[in-house]
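Please treat every number below as a calculation from the coordinates, not as lab data. Please read these numbers as outputs of a predicted model, since none were measured by experiment. Cβ atoms come from the backbone with ideal geometry, glycine included; neighbour counts cover every protein chain shown.
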Amino acid sequence: MKWFGALSSILVCLVLQAGPRSQSFIERLSNSDYTQSVDFILDNEAQLEELIAMELERSSSDSLLSELNFLCSEVSNISPEAQKILGEAILFHSLRLRDTVNIMEASSNIAGALMNEGNYEEALTYFYRRLEYEQNSQNEIDGIIFNSIGNTYYMMNDHQNSVEYLKKYLELGIARNDSATICRAYLNISNPYYDKGEFDSSMYYLQKSLQIATSIGDFIIQSYALGNLASMYLEMGDYQTTLNYQLRGLAIEEGFNDKIAMSDSHTVLAGCYASLGDAEKAEFHLQQALKLASGLSAKTKLMAIYSEGATVYEKLQDYQKAYRMSLQHHTLYDSLLRGERTRQIADMREKYETAQKEKEITSLEEGRRIADLELEQERNQNLMLIGASILLVIILILVSVFFLQVRKQKREVESRNAIISEINQDLEKSRNELIISNQTKDKFFALVAHDLRGPVTSLQGMGQMLDYYTKKGDSDRLFMLTSQLDQATSSVSHLLDNLLKWALTQTQGLSFQPERFQLNALINDTVQVFDQAVRAKEVVIELIMEQEVKVRADYNMMSTVFRNLLSNAIKFSPLKKKVTVMVAMQAGLATISVSDQGEGIPQSVIDQITSDGLVSSSAGTLGEKGTGLGLSLCKQFMDLHDQRLVIANTGHGTIITFYISVA
């Protein structure tokens, strides 16, 4: 039967994990992966008290110890050993600080860990310590301690004391009109009656518990009550009712991942299906129970499952597996409860077998002394042959050991050499990457200094000319300067946008956020942005788009890619030439190509771009400036989309093609 102890309520706690040295101890409790918490506790057992002491010097002791107690109860389902280690560290500091509340909580946590390890008598001492502190405090006694003590007596098969303390727990719940306490008490009182075979009394308390838990929505108590009812009906031979109750309970337990309760449920289901003759389902649930209990290191739970497993396989008439389960049960039982007695029996058996062998040897020696003397010479020869054989075997063993030792040393030397070689390769790789990084940084700073200087100087000069022509009242010159100023600011804006986005890609500061959007709208909006540049160079932009195309990509990145490609095509187009933008569909991809009628891009520059290198900027046909980052930025954005950027010279210009997934 399942029992609902003081530490079985679900607590949302922080998790202990190793973090940067600048973080405080409690700040490392930052996620819900309790396996990392357990590993940290076990790995730092010797330093745990010191770590807590350091944190207590700079934070609130009440808050820290309370959070650690919450964590301690939460890791119980993963590692009772970790729960006990952390609980003892908390108890040490709570006693030192005379923190009564956390002394009681730590005592309960340590007792819970000891319960899971099967050490019920020692667990009882910690529960009584908590009860003593509660009785000596000015506050009202928390009835949960009666529940914990009653459950401990139940696990020790002391049903009289178990019922006594559990009924004290029930009386407190009734006095406080606390439905949660009442239904938990009914559930636990049913267990001793069940073990004594008083099914009517046990079923009465279980039904009361299930009724109240259902009315208040306490799914944890519902799962335990359903599981206990299932166990009872299994004992009574009503298998369909057993399945009905137990499957309902298991579904609830899986919802809040109560692994201890789930292992009990799978054990009951295994026994039920075995009784129904369904071997496949019986073995499935048995293996699930063993897997869960093994993961929790709950030896007493594992021992009970082995015992039930032997019964299951016996019902299925698989006596070999039944024997193995029984053997594992007895082995674990002996290791927990009968280790010393087992050793005594083994010593007695060994002495008995030695005495028997000595009698047999004496009898054989007497027979040999009485044997025919004519066989003595042959026997001596055989002894000499055996001695020689043994000597030869010893020599062979020594030679083999020496050879194996030499080979082992050789392998160790080779392994160390391989490790050193690998370290050297890693160092050389890091050195090369650092050199390349520094070169890229230097080139980037040179590009920024060179390409920002021209536009900014132009803006400064235009400001002086605007002031001059304003004073003269020359409106024609002012109009021309206004147009030039707009073009210069657009150039600087485009330049800074490329610099910012390139810097973000180098520092992984630009997030990739794909979405669905109309490609045609993006292209039309971008073309309108360059309307003034197109009119200034009298360039014709030809759009070839057969249909509306909807794509899935990062809108801002694709806008930047197309804007850079169109800007370059206009920049390097001679006056009165044509720039062609074509959109086509190809194997589930939208193919976008931008072509111009300029001089083309040198192959060395194309190679630098495709290898993620920086290139020097080139002036346009009218002296337009750039950073040299545009095509490199486009290449990196397409890499983030796992798509290609293809650059080619046509002999009478450049065509650049990129691909986007169709939505």
Residues meeting the amide H criterion for residue 549 (H placed from the backbone, H to H distance under 5 Å, 5 or more places apart or on another chain) are 519, 520
Taking H placed 1.01 Å from N in the peptide plane, check which residues at least 5 places from residue 79 or on another chain put their amide H under 5 Å from its amide H. none
Under 5 Å between amide hydrogens, which residues at least 5 positions from residue 578 or on another chain qualify, with H placed 1.01 Å from N in the peptide plane? 540, 597
Contour excess over end-to-end distance, with Cα ends at residue 53 and residue 531 and 0.36 nm allotted per residue: 165.2 nm
So residue 582 and residue 396, fully extended at 0.36 nm per residue minus their Cα-Cα distance, gain in nm 58.8 nm
Would you work out the charge dipole size for the stretch 106-201 about its Cα centre, treating the Cβ of every Lys and Arg as +1 and the Cβ of every Asp and Glu as -1, and quote it to the nearest 20 debye? 180
³J(HN,Hα) across the stretch 282-292 via Karplus (A = 6.51, B = -1.76, C = 1.60, θ = phi - 60°), whole Hz, x for Gly/Pro? 4, 5, 4, 5, 5, 5, 4, 4, 5, 4, 5
Per-residue ³J(HN,Hα) for the stretch 220-225, Karplus 6.51 cos²θ - 1.76 cosθ + 1.60, θ = phi - 60°, Hz, x for Gly and Pro: 5, 5, 4, 5, 5, 5
Residue 321 versus residue 375, label points 7 Å from Cα toward the beta carbon: distance in nm? 5.2
At 7 Å along Cα-to-Cβ for each site, give me the label-to-label distance between residue 432 and residue 177 in nm. 8.0
Applying a 10 Å radius around every beta-carbon, put 248-259, 394-405 in order of their mean neighbour count, most first. 248-259, 394-405
Label-zone membership for the stretch 375-405, site residue 411, 7 angstrom Cα→C-beta point, backbone N under 19 Å: 397-405
If R0 = 30 Å, then residue 122 and residue 276, at their Cβ-Cβ distance, give a FRET efficiency to the nearest 0.05 of 0.15
Using only Cα positions of the stretch 90-199, each an equal point scatterer, no hydration layer, compute I(q)/I(0) via Debye at q = 0.18 Å⁻¹ and quote the log10 values to two decimals. -0.90
How high is the FRET efficiency between residue 96 and residue 335 when r is their beta carbon distance and R₀ equals 30 Å, given to the nearest 0.05? 0.25
Using the structure shown, select from 167/299; 84/299; 208/281; 281/301; 84/259; 84/301 the pairs with a Cα to Cα distance greater than 27 angstrom. 167/299; 208/281
Hand me the tally of lysine pairs in the stretch 507-606: alpha carbons under 25 angstrom apart, and the pair either on different chains or 8 or more positions apart. 4
Could you tell me which GluC sites (Glu not before Pro) in the stretch 50-120 are loop residues by DSSP with no more than 12 other beta carbons within 10 angstrom of their beta carbon? 57
In nm, give the distance between the simple-model label positions of residue 471 and residue 542, each being 7 Å from the Cα along the Cα-to-Cβ direction. 5.1
Assign one of three labels to the stretch 113-169, namely rounded, prolate or oblate, based on the Cα gyration tensor with a ≥ b ≥ c the square roots of its eigenvalues; rounded applies when a/c is under 1.5, prolate when it is not and a/b is larger than b/c, and oblate otherwise. oblate
Which ³J(HN,Hα) values, rounded to whole Hz and listed in residue order, are derived for the stretch 125-132 from phi using the Karplus coefficients 6.51, -1.76 and 1.60 in 6.51 cos²θ - 1.76 cosθ + 1.60 with θ = phi - 60°, glycine and proline given as x? 5, 6, 5, 5, 4, 4, 4, 5
